[in-house]
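This report refers to the structure that appears directly beneath it.
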Amino acid sequence: MTKTELLYEGKAKKIYATEDPEVILAVYKDQATARNGKKKVNVAHKGTLNNQITSHLFNYLKANGVASHFIKQVSATEQLLHKVKMIPLEVVLRNLASGHFETKFAVPHLMQFNRPIVEFYYKSDALDDPFINDAQILALEIATEAQIEALKTKALLVNQVLKQLFDQLGITLVDFKLEFGLTSSGEILLADELSPDNMRLLDKKTQQSLDKDIFRKGLGDMIPAYQEVLHRIEDKEQNANVLS
Ligand code: C5P
């Protein structure tokens, strides 16, 4: 399937139409951004790594009962996706305190929560993606009550599946951000990407970050960490294939 018109260019991906009106094509870019695009540089190989990691994770989620917009990876930087109408919310799930939660509430780094926390942010570059609660989502008619509950349930399910996977890879899943879209029949599908750009991942042995915090905090080259995440996922898949 070939790409036609450029529909949208975001910070990390370009989205193209294809000859099938129900299918779009995402091209992962070699760009890293932080602080809502205020810090921005070109990082060679990031696009291919995030495309591969996202493809593996969407396939893994599908095999574990979580549907997404992902159809298949078609090249080093490209994947085909079901077209959905994006819900303008960032759904953040936290297992341990880090990032904004840690600074907002002045709690110890990696404080363990009794249960995972789901938070919503309104997707708006102009407003810097502000926190939004259920009542505000309803007031702005961004989602219905049933849709809000479905988003929470799906985020918790994604967490259950991915936390277990990363545990097996020697990685702690600290927190992550998801986005969802609506199909033409009204089904809510997990969308966007699942990469170390959108997750906090810690190596269980060294406690080193294996995610975009390396870039956000200026701790050095993020690429070896992203490669490490991909290698661990691929090794596990290869072992599973050998065993099956
Ligand atoms: O910054 P904060 O602590 O709220 O981030 C929580 C999680 O959501 C982190 O894993 C971060 O990478 C992700 N996130 C994201 N895109 C945003 C905001 C947060 O991927 N715009």
The correct count of residues that are in contact with a helix residue (DSSP H, G or I) (Cβ under 6 Å, 6 or more places away or on another chain) and either open to solvent by 10 Å² or more (accessible area, probe 1.4 Å) or among the basic types (K, R) (or both) in the stretch 173-190 is 1
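Quick grid of which residues meet (1) outside any helix (DSSP H, G or I); (2) without any contact (Cβ under 8 Å) to a residue 60 or more places away in the chain:
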{"position": "T54", "(1), (2)": "no, no"}
{"position": "Y60", "(1), (2)": "no, no"}
{"position": "V66", "(1), (2)": "yes, no"}
{"position": "I71", "(1), (2)": "yes, yes"}
{"position": "L81", "(1), (2)": "yes, no"}
{"position": "V92", "(1), (2)": "yes, no"}
{"position": "N95", "(1), (2)": "yes, no"}
{"position": "F101", "(1), (2)": "no, no"}
{"position": "K104", "(1), (2)": "no, yes"}
All positions within the stretch 195-209 that are farther than 16 Å from S98 by Cα and crowded, with 17+ Cβ neighbours inside 10 Å
S195
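Quick one: in the stretch 113-137, of everything that is of a type in the set (A, V, I, L, M, F, W, C) and without any contact (Cβ under 8 Å) to a residue 24 or more places away in the chain, which residue is nearest to the ligand (Cβ to nearest atom)?
It comes out as F131.
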Please specify each residue of the stretch 113-140 satisfying the condition of being of a type in the set (A, V, I, L, M), exposed (fewer than 12 other Cβ atoms within 10 Å of the Cβ) and over 25 Å from T33 (Cβ atoms).
A135, A139, L140
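Please specify each residue of the stretch 167-182 satisfying the condition of being of a type outside the set (S, T, Y) and more than 30 Å from I142 (Cβ to Cβ).
First, the residues of the stretch 167-182 that are of a type outside the set (S, T, Y): 167-171, 173-182.
Selection gives D167, Q168, L169, G170, I171.
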Of the residues in the stretch 201-214 that are touching a Lys or Arg at 6+ places or on another chain (Cβ under 8 Å) and not in a loop (DSSP other than H, G, I, E, B), the one that is nearest to the ligand (Cβ to nearest atom) is D213
Looking at (1) within 24 Å of D128 (Cβ to Cβ); (2) open to solvent by 50 Å² or more (accessible area, probe 1.4 Å), which is the only condition K83 fails?
(1)
Only one of these conditions is not met by A26: (1) surrounded by 18 or more Cβ atoms within 10 Å (Cβ to Cβ); (2) more than 13 Å from S195 (Cβ to Cβ); (3) out of contact with any Asp or Glu (no Cβ under 6 Å at 6 or more places or on another chain). Which number is it?
(2)
Quick one: which of V84, V41, V91, V74 is among the β-branched types (V, I, T) and within 16 Å of the ligand (Cβ to nearest atom)?
V91
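Given the structure, is I53 touching a Pro at 6+ places or on another chain (Cβ under 9 Å) and closer than 15 Å to A191 by Cα?
On the way: touching a Pro at 6+ places or on another chain (Cβ under 9 Å): yes; closer than 15 Å to A191 by Cα: yes.
Yes: the conditions hold for I53.
Would you confirm, using the coordinates I've provided, whether T77 is of a type in the set (S, T, Y) and surrounded by 17 or more Cβ atoms within 10 Å (Cβ to Cβ)? First the steps, then the outcome.
Working: of a type in the set (S, T, Y): yes; surrounded by 17 or more Cβ atoms within 10 Å (Cβ to Cβ): yes.
Taking the combined requirement at face value, the residue satisfies it.
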Filter result (open to solvent by 30 Å² or more (accessible area, probe 1.4 Å) and under 25 Å from Q168 (Cβ atoms)) within the stretch 210-230
P224, Q227, E228
Please tell me if T153 is within 19 Å of the chain's Cα centre (by Cα), hydroxyl-bearing (S, T, Y) and open to solvent by less than 50 Å² (accessible area, probe 1.4 Å).
no
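Kindly establish whether L110 is in contact (Cβ under 8 Å) with a residue 60 or more places away in the chain, open to solvent by 20 Å² or more (accessible area, probe 1.4 Å), within 16 Å of the ligand (Cβ to nearest atom) and among the aliphatic types (A, V, I, L, M).
Answer is yes for this residue.
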Condition first: farther than 24 Å from A26 by Cα and hydrophobic (A, V, I, L, M, F, W, C). Can you find one or more residues in the stretch 228-242 that meet it?
yes
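The values are calculated or read from the model by the stated rules, or taken from the named source; none is laboratory data. What you see is a predicted model; the values in this text were computed from it and never measured. Neighbour counts run over all protein chains shown; Cβ positions are idealised from the backbone, glycine included. Surface areas here come from the heavy atoms of the whole protein model, side chains and all, with no ligands, DNA or RNA. Shrake-Rupley method; radii C 1.70, N 1.55, O 1.52, S 1.80 Å.
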